[in-house]
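J.: Got a structure for you, questions after.
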Amino acid sequence: MDLVATVSQSDLLEAALTEVLACPDCQARLVLEAAGKSLRCGSCGSTTPLVEGIPVFASSGPGPEGLQAEEMAFRNQAASEQLRNDTADLLSVAGKHHSVPLMGRYAHHFRSHFSAGDWLLDIGTGYSWHWKNAEPGPRVIGIDLSLGNLLLAQRLLADQPRCVLLICADASRLPLANGSLAGAWSVQAFQLFPEPIFQQVQRELDRVLRKDFMMELHHLHPALLYRFLCRLRGRTLHRRGRHGPFETNRLLLAEWLQRWASFREGRLEASSGYSELFFHPELGVRPRPYPSGLERFLVQHAPGFSSLFARQGYLRLKNRSCRNRSNALEAISR
Ligand SMILES: C[S@@+](CC[C@H](N)C(=O)[O-])C[C@H]1O[C@@H](n2cnc3c(N)ncnc32)[C@H](O)[C@@H]1O
Ligand SMILES: [Zn+2]
């Protein structure tokens, strides 16, 4: 297939059906049914409806699904309000919660590591705004639990060549073939996973990622100064566990690294850092233009100082080329 000509959700779906999609139950190939309204597993016969061209896979069984049911309802409700209001500028809506220019650059840089034939996964893609105006190249599968958010993503990405295939699915039950992905990207989704989901997502990533892979995960970070400033404003920054309809865990980078220490038996190269140093929506701080140059300098040359106020931390994980496994584990838990 001509990658440059890949422009729409249906083009991407067609390519994904032959290259990466698989039944989440039995991992057999999926086919588009004649009427074009659903996908069907060639082996177990299970069907998956398409809503505005987006495959909607059922969540995991009664256990994990129940754990995020409230979150899913909350997000779908919020999305349906945006859909009803016909919000024109969805990028501004995303900009209330994320530094769009900064995170757009991180996403662009991450994607630049891969080649045109590769497939990447964006876990908890939300409005999928990271990939707006992306150049042709590696294709991204944007999965999210909330169909409402994906319908907004569809709107945000409309009328332009697309690199993202939107799929409504639970990250703990991926409709993807074994070893089919070159990389995974995620912003502020892992912090939401209740423990059984987190563990299942890790198992699923182990299954679907190729041997040579790269992952970049950004999470909310419990910076000391930020917590202090919130206190001064009379607010307590929630750190761990259930908060309203979601689980939200703000872990330190060392804690996130520890959570990945045994992934792929510890044969990983890991690096970490801080992002969104100057973006604190909870305090009403959203500088425009964003001081990206200053942030880059501080993150590189003064990580300890950056950690005092960074809103996010990130991990980059990839397969380890070196043979010494114990050194790898040491590096990751440092
Ligand atoms: C804080 S939002 C971030 C969205 C997007 N990554 C961004 O940066 O704007 C987290 C997203 O993760 C999704 N999510 C939460 N749990 C999920 C799961 N188990 N599987 C797939 N998506 C999930 C939510 O529906 C939500 O859209
Ligand atoms: Zn099947």
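J.: Working out 0.36 nm times the residue gap between Val285 and Glu81, then minus their Cα-Cα distance, what length gain in nm do you get to one decimal? Present the calculation step by step, with values, prior to reporting the outcome.
T.: Numbers: separation 204, 0.36 × 204 = 73.44 nm, distance 2.53 nm.
Stretched out fully, the Val285 to Glu81 stretch lengthens by 70.9 nm.
J.: On a 0 to 90 degree scale, rounded to 10, what angle separates helix 147-156 from the longest Cα axis of the chain?
T.: The two axes meet at around 90 degrees.
J.: Place the peptides 172-183, 32-43, 282-293, 139-150 in order of packing, highest mean first, counting for every residue the other Cβ atoms within 10 Å and averaging per peptide.
T.: So the order, starting with the most tightly packed, is 139-150, 172-183, 32-43, 282-293.
J.: Further, regarding this structure: Do the sum for the chain: with -39,500 (n - 2.57) for every DSSP H run of n ≥ 4, divided by all residues, what is the mean residue ellipticity at 222 nm, to the nearest 500 deg cm²/dmol?
T.: Here the helix-only value at 222 nm equals -10000 deg cm²/dmol.
J.: Next up: Is the shape of region 186-292 best called rounded, prolate or oblate, per the rule: a/c under 1.5 gives rounded, else a/b larger than b/c gives prolate, else oblate, with a ≥ b ≥ c the square roots of the Cα gyration tensor eigenvalues?
T.: Prolate shape, in that a/c is at least 1.5 and a/b is the bigger ratio.
J.: Picking from Tyr314, Tyr226, Tyr127, which is most flexible by a Gaussian network model of the chain using Cα springs under 10 Å?
T.: Tyr226
J.: For Pro161, what is the net charge nearby, where nearby means another residue's Cβ is under 10 Å from its Cβ and Lys, Arg count +1, Asp, Glu -1? Write out the running numbers ahead of the final one.
T.: Values: positive: Arg162; negative: Asp11, Glu135, Asp159.
Surrounding charge for Pro161 is -2.
J.: Apply the Karplus parameterisation 6.51 cos²θ - 1.76 cosθ + 1.60, with θ equal to phi minus 60°, to every residue of region 130-144 and state each ³J(HN,Hα) to the nearest whole Hz, in sequence, with x for glycine and proline.
T.: For region 130-144, the Karplus curve yields 4, 10, 5, 6, 5, 5, x, x, x, 8, 10, 9, x, 10, 8 Hz.
J.: So what is the orientation-averaged projected area of the chain, using the convex hull of its C-alpha atoms, in nm²?
T.: One quarter of the hull surface, i.e. the mean projection, equals 17.4 nm².
J.: Of Trp260, Thr125, Ser8, which is farthest towards the positive pole of region 3-333's charge dipole, taken about the Cα centre with +1 and -1 on the beta-carbons of Lys, Arg and Asp, Glu respectively?
T.: Of Trp260, Thr125, Ser8, it is Trp260.
Just so you know, all these numbers are worked out from the coordinates, no wet-lab data involved. Bear in mind the structure is a predicted one, so any value in this text is a computation, not a measurement. Reconstructed Cβ throughout: ideal geometry from the backbone, glycine too, with neighbour counts over all protein chains shown.
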